[in-house]
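Undergrad: Below you will find the structure I want to go over with you.
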Amino acid sequence: MADLLFIRLALIATLAAAGAYLRPFHANPWVGGVCGAATAAVIILFELRLNRASLKRLIGAAVGSLLGIIGAFLASWVVGNAGFEPRTAAYANIVILLVMGYIGLIVGAEKGDLLNLAALGGLFGGERSRRSAKVLDTSVIIDGRIADIAATGFLDGSLLVPQFVLRELQLVADSSDAGKRQRGRRGLEILQRMQTFGSVDVRIVEDDFPQLRDVDLKLIELARRSECKLITNDGNLGKLAQLQHVAVLNINELASTLKPVVLAGEAMRVFIVKEGKEPDQGVAYLDDGTMVVVDHARRMISRNVEITVTSVLQTTAGKMIFGRLAAAEVGQVS
């Protein structure tokens, strides 16, 4: 980072000195120096913007600009032979060059995302593996389920853990609050465990974005620049990432999708833990937290019973299962 800062300052100083010495447009040295420094600032801003673009967009922009310039030269040749007054022709040529170059640059950059660089092999052969990488956020590491999923082999590509996420985990592990301290240590232990998996490539990456203070924004920027997916269980982070066109894998959504499907008429065994809201109802819970409401089971609290599912209700808060006691259980109650 210090090297880049030195190079940028050197560029500004060089162009400012050149402007002061050469005095473009017959300006005095001070104005020439300011013009040179302003030119360097524009170049640096352009460079910062290029750093945020993907390789495909850069290639698309370069090809689009080249085609636009070629088209501008052909159009300028037509204008030059059309008999316009020299100043008018010169102005028209400048406008055509800027317009064609600009359109080629913008259209090429937008269409560059359609390029499949991995198909070219060779220099671009690593593009496929880079795009299959996934960035882990702090919450999903502390959660721990990512380790079990990775151990099954369902995740392909590398799992990227940024240094700023490690720093956040360390801060949580060193917290004075016992709960936070335990969560932070758990996260570090989960990472150590994942690094022992032979089938999982866990990489610590040095990429950082000092201009962004929030860790969530840094994660989104890293995933966007690397063109890889973000794994999280934070719903708000997932929505923010999707707004910036970053693909998100939410562990909570995966867990919800993988919940066992229960159909009406099926039998199951549950443990009644408390009475329900309606008279003579009992309530049980499945291992994943799904509530099971059983009719005529109030007397069966603290007992395992066999029930028959009568209906399944899907709500925004989750799934609820309704059932009744099996015939054998009804006989025991009576």
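Undergrad: Counting only DSSP beta bridges with both residues in the chain, tell me the antiparallel percent, nearest 5.
TA: Working: 20 of 38 bridges.
If I count the DSSP bridges inside the chain, around 55 percent turn out antiparallel.
Undergrad: Past 24 Å, Cα to Cα, is the threshold; run Lys218/Lys239; Lys180/Lys229; Lys239/Lys277; Lys134/Lys239 against it and keep the listed order. Please report the intermediate quantities before stating the final value.
TA: Working: Lys218/Lys239 15 Å; Lys180/Lys229 27 Å; Lys239/Lys277 36 Å; Lys134/Lys239 17 Å.
Checking Cα-Cα distances, Lys180/Lys229; Lys239/Lys277 exceed 24 Å.
Undergrad: Roughly how tilted is helix 86-111, in degrees to the nearest 10 and between 0 and 90, from the longest Cα axis of the chain?
TA: Between helix and principal axis, roughly 20 degrees.
Undergrad: Moving on. Rank these for me by crowding, Lys218, Lys180, going from fewest to most other beta carbons within 10 Å.
TA: Details: Lys218 22, Lys180 15.
Result, fewest neighbours first: Lys180, Lys218.
Undergrad: Could you give the length gained on full extension between Tyr102 and Arg193, defined as 0.36 nm per residue of separation minus the Cα-Cα distance, in nm?
TA: Details: separation 91, 0.36 × 91 = 32.76 nm, distance 5.12 nm.
Extra length from Tyr102 to Arg193 when fully extended: 27.6 nm.
Undergrad: Then there's this: Would you mind computing, in nm to one decimal, how far apart the modelled labels at Arg181 and Gln244 are, each placed 7 Å from Cα along Cα→Cβ?
TA: Label-label distance for Arg181 and Gln244, simple model: 3.4 nm.
Undergrad: So how do Ser311, Ser132 line up by other beta-carbon neighbours within 10 Å, fewest first?
TA: The most exposed by this proxy come first: Ser311, Ser132.
Undergrad: What's the angle, to the nearest 10 degrees (0 to 90), between helix 163-173's Cα axis and the longest principal axis of the chain?
TA: The angle comes out near 40 degrees.
Undergrad: Could you calculate the contour length gain from Tyr285 to Val34, that is, 0.36 nm times the residue separation minus the distance between their Cα atoms, to one decimal place in nm? Walk me through the numbers before you get to the answer.
TA: On the way: separation 251, 0.36 × 251 = 90.36 nm, distance 7.27 nm.
Length gained, Tyr285 through Val34: 83.1 nm.
Undergrad: Compute the separation of the alpha-carbon centres of the range 144-191 and the range 256-276 and state it in Å as a whole number.
TA: So the separation of the two Cα centres works out to 32 Å.
Undergrad: Oh, and also: If you take the charge dipole of the chain about its Cα centre, with +1 on Lys and Arg Cβ and -1 on Asp and Glu Cβ, which of Phe197, Val270, Val161 is farthest toward its positive end?
TA: Selected residue: Val161.
Undergrad: Here is a follow-up. Past the 16 angstrom mark, what percentage of all C-alpha to C-alpha distances in the range 167-277 do you count?
TA: Details: 4570 of 6105 pairs.
Cα-Cα pairs in the range 167-277 separated by more than 16 Å: 75 percent.
Undergrad: Can you tell me how much longer the chain between Val42 and Arg8 gets when fully stretched, taken as 0.36 nm per residue apart minus their C-alpha distance, in nm with one decimal?
TA: On the way: separation 34, 0.36 × 34 = 12.24 nm, distance 1.13 nm.
Full extension from Val42 to Arg8 adds 11.1 nm.
Undergrad: Something else now. Please identify, among Ala37, Ala90, Ala27, the residue showing maximal mean-square fluctuation in a Gaussian network model of the chain using a 10 angstrom Cα cutoff.
TA: Sorting by GNM fluctuation, first place goes to Ala27.
Undergrad: Cα convex hull of the chain: how many Å³ per residue?
TA: Details: hull volume 85.3 nm³, N = 334.
Spelled out: Cα convex hull of the chain, divided by residues, is 255 Å³.
Undergrad: Further question on the same structure: Tell me what the chain gives for mean residue ellipticity at 222 nm when only DSSP H runs of n ≥ 4 count, each as -39,500 (n - 2.57), the sum divided by the residue total, rounded to 500 deg cm²/dmol. Walk me through the numbers before you get to the answer.
TA: Working: 13 runs with 178 residues, N = 334.
Result for the chain: -17000 deg cm²/dmol, rounded to the nearest 500.
Undergrad: While we're on this one: Charges at C-beta only: +1 for Lys and Arg, -1 for Asp and Glu. How large is the resulting dipole of the range 212-297 about its Cα centre, in Debye rounded to 20?
TA: 480
Undergrad: Which one, Asn28, Thr138, Ile301, is farthest towards the positive end of the dipole of the chain when Lys and Arg carry +1 and Asp and Glu -1 on their Cβ?
TA: Asn28
Undergrad: Specify the angular offset, from 0 to 90 degrees and rounded to the nearest 10, of the alpha carbon long axis of helix 178-195 from the longest principal axis of the alpha carbons in the chain.
TA: For helix 178-195, the angle is close to 70 degrees.
Each value in this text was obtained by applying a stated rule to the coordinates, not by laboratory testing. Predicted model, so just to flag it, every value in this text is computed and none were measured. Every residue, glycine among them, receives a Cβ derived from its backbone with ideal geometry; neighbour counts consider all protein chains shown.
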